[in-house]
């Protein structure tokens with residue numbers, strides 16, 4: 001039996017567009033003489049559709065789209081994920097399409113409800129297995145989390161008879177280390193059931209989530225035999241061959257797809273895909289961002305160019321009296337290296353006028369933190385004004401370390417439409433900069449940007465280290481507190497300074513209001529700010545006492 005996994009970039013809510021893509025993939029599968037064509041979880045409507053699922057007409061349209069897809073693609077057996085309304089209940093379902101109609105429906109039984117997942121908010125669990133016969137092979141249909149609960153799955157399929165392949169359609173979001181876990185799950189499933197496993201994953205960016213594809217086949221020994229492309233659409237085809245000794249072989253029809261070379265490459269590809277899809281799927285073609293001559297804006301600009309091409313990226317330098325000639329020069333050099341349009345709008349005259357106006361208010365201090373933040377807010381206003389005039393999306397350039405502790409100005413450098421490196425710790429930003437230069441084969445990001453101590457340049461001789469711990473230490477604390485939910489005491493027991501730990505935790509806790517008002521950004525870690533971590537803004541629980 002020849003099976004094909006059609007991982008494609010679905011757009012949430014674009015029912016007709018998603019169906020059209022599936023029809024194109026279907027035509028390709030027909031030319032390859034495929035017996036079974038598989039599409040990802042909720043392929044018809046995209047994942048996650050969130051509260052669109054509360055609209056009955058949306059669910060009706062999903063069903064009508066599925067019916068038309070079945071009629072348009074009658075020659076092969078297809079498995080298609082869709083959102084189903086059945087007997088006044090909603091289900092995350094997989095339709096079996098045969099002979100131009102829906103022949104069977106499997107309803108997802110294991111509904112994840114943690115982190116970025118809210119499936120119990122929208123769906124009821126199914127309770128009936130579905131096994132189909134294709135090309136003489138028995139194929140059990142499952143959806144995503146169903147195969148992550150192995151003991152449950154063994155019991156669920158206990159009476160299903162001999163199974164030659166378990167099929168799993170998925171919308172599994174990317175984060176660092178996720179692919180290793182997925183491969184372990186697929187491999188274990190294959191060995192437990194002594195059958196092949198076909199795992200079809202979604203690809204593409206949806207708001208802050210990235211789906212990395214990497215659909216795969218495993219044989220009955222649990223060996224991953226073939227894997228589809230990472231962060232790109234692909235059609236992965238393999239022959240599933242039962243043997244006389246009871247095992248199931250998998251013979252791929254293509255050569256191995258290229259995979260990310262290392263962690264930095266994986267993160268880079270995720271950021272590029274996330275930026276491209278967020279901008280494009282929301283109807284924008286061009287972006288603009290402030291270029292400070294620092295590491296964060298340099299990396300953000302390079303990712304934007306990789307995602308959208310140089311002609312669609314505009315960089316602005318907006319110097320004040322506190323910006324050094326070196327950083328201004330590095331911003332210009334970066335723009336030249338990237339081949340992007342580069343504008344200079346000095347803010348000193350505007351800053352002076354604001355300052356004079358504010359001096360009419362008793363107590364205004366032209367040398368305090370409010371004066372520093374005023375500069376950032378002027379820059380934010382300039383960027384948003386140009387966005388408004390020319391219809392370009394503003395990319396913000398703050399990293400996860402700064403976002404965590406509130407080292408950013410609300411309505412200043414947080415102003416924009418998308419935060420490309422919002423979930424990237426500062427230490428990883430440097431690694432990404434080196435990776436960008438490496439894959440470019442030249443010094444795209446100037447060497448001085450990588451070696452100069454980071455500074456907001458909002459007052460004379462300012463350095464980030466004046467306000468924050470060294471980033472190596474800060475990122476260790478943030479990983480423990482934000483991503484691993486460790487208490488202050490647990491972090492101290494790991495050998496970290498109590499005073500620094502308490503100081504950092506206080507900064508994280510009191511800046512929730514800033515994060516709530518900041519734009520979304522690409523999720524690359526197991527716990528990002530946003531859907532992953534939802535804390536009340538008004539909150540008197542003393543985290544430092546934990």
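No value in this document is a laboratory result; all are computed from the given coordinates. Please read all numbers here as calculations on a predicted model, not as lab measurements. Heads up, the Cβs are rebuilt from the backbone with ideal geometry, glycines too, and the neighbour counts pull from every protein chain shown.
Restricting the count to DSSP beta bridges whose residues both fall in the chain, what percent are antiparallel, rounded to a multiple of 5?
Beta bridges within the chain, antiparallel portion: roughly 60 percent.
Of the beta bridges DSSP finds with both residues in region 2-252, what % are antiparallel, to the nearest 5?
Around 70 percent of the beta bridges assigned by DSSP in region 2-252 are antiparallel ones.
If you take the beta carbon distance between residue 89 and residue 517 as r and set R0 to 41 Å, what does 1/(1 + (r/R0)^6) give as a FRET efficiency, to the nearest 0.05?
Once the sixth-power term is evaluated, E becomes 0.65.
Against the longest principal axis of the chain, how steep is helix 348-358, in degrees 0 to 90 to the nearest 10, with axes from Cα atoms?
Result, in degrees: 80.
What ranking do 161-169, 194-202, 277-285 get when scored by the average of other Cβ atoms within 10 Å per residue, highest first?
Result, highest mean Cβ count within 10 Å first: 194-202, 161-169, 277-285.
For the chain, take the longest principal axis of its alpha carbons; what is the angle in degrees between that and the long axis of helix 369-390, to the nearest 10 within 0 to 90?
Tilt relative to the chain: about 50 degrees.
At 7 Å along Cα-to-Cβ for each site, give me the label-to-label distance between residue 370 and residue 64 in nm.
Label at residue 370, label at residue 64, 5.7 nm between them.
Going by a ≥ b ≥ c, the root eigenvalues of the Cα gyration tensor, does region 383-448 fall in the rounded group (a/c under 1.5), the prolate group (a/b larger than b/c) or the oblate group?
The shape class here is oblate.
Go ahead and estimate [θ] at 222 nm for the chain from helices alone: -39,500 (n - 2.57) per DSSP H run with n ≥ 4, summed, over the residue count, rounded to 500.
My calculation for the chain gives -11000 deg cm²/dmol from helical runs alone.
Between region 489-546 and region 17-50, what's the alpha-carbon centroid distance in Å?
After rounding, the separation between the Cα centres reads 40 Å.
Find the relative contact order for the chain and round it to a whole percent, using C-alpha pairs within less than 8 Å whose residues are 6+ positions apart.
The normalised contact order for the chain reaches 11 percent.
R0 = 60 Å: FRET efficiency of residue 490 with residue 341, Cβ-based, nearest 0.05?
Once the sixth-power term is evaluated, E becomes 0.75.
Using Cα centres only, tell me the gap between region 73-96 and region 314-350 in whole Å.
With region 73-96 and region 314-350 each reduced to a Cα centre, they are spaced 53 Å.
Work out, step by step, the length gained on full extension between residue 355 and residue 56: first 0.36 nm times the residue separation, then minus their alpha carbon distance; give nm to one decimal.
102.2 nm
Could you order the peptides 83-91, 18-26, 521-529 from most to least packed, using the average number of other C-beta atoms within 10 Å per residue?
Descending packing order for the listed peptides: 521-529, 18-26, 83-91.
Only Cα pairs under 8 Å and at least 6 apart count here; give the relative contact order of region 369-447 as a rounded whole percent.
In percent, rounded to a whole number, it is 29.
Which order do the peptides 228-238, 441-451 come out in when sorted by mean C-beta neighbours inside 10 angstrom, highest first?
228-238, 441-451
For an R0 of 22 angstrom, estimate the FRET efficiency from the Cβ-Cβ distance between residue 263 and residue 451 and round to the nearest 0.05.
The formula returns an efficiency of 0.50 here.
With the cut-off at 1.5 for a/c, could you classify region 2-252 from its C-alpha gyration tensor as rounded, prolate or oblate?
Here region 2-252 falls in the rounded category.
Return the percentage of antiparallel bridges among DSSP beta bridges fully within region 110-177, rounded to the nearest 5 %.
Of those bridges, close to 50 percent are antiparallel.
Using only the Cα atoms of region 414-546, build the gyration tensor, take square roots of its eigenvalues as a ≥ b ≥ c, and label the shape rounded, prolate or oblate: rounded if a/c is under 1.5, else prolate if a/b is larger than b/c, else oblate.
Judged from the Cα gyration tensor, region 414-546 comes out prolate (a/c at least 1.5, a/b above b/c).
Expressed as an acute angle from 0 to 90° and rounded to the nearest 10, what is the orientation of the C-alpha long axis of helix 498-510 relative to the principal long axis of the chain?
80 degrees
What label, among (1) -0.43, -0.58, -1.15; (2) -0.39, -0.54, -1.29; (3) -0.34, -0.46, -1.00, belongs to log10 I(q)/I(0) by the Debye sum over Cα atoms at q = 0.06, 0.07, 0.11 Å⁻¹ computed from the structure on display?
Recomputing log10 I(q)/I(0) by the Debye sum over Cα atoms at q = 0.06, 0.07, 0.11 Å⁻¹ here picks out (3).
Counting alpha carbon pairs within less than 8 Å and at least 6 residues apart, what relative contact order, in whole percent, applies to region 263-545?
Answer for region 263-545 is 20 percent.
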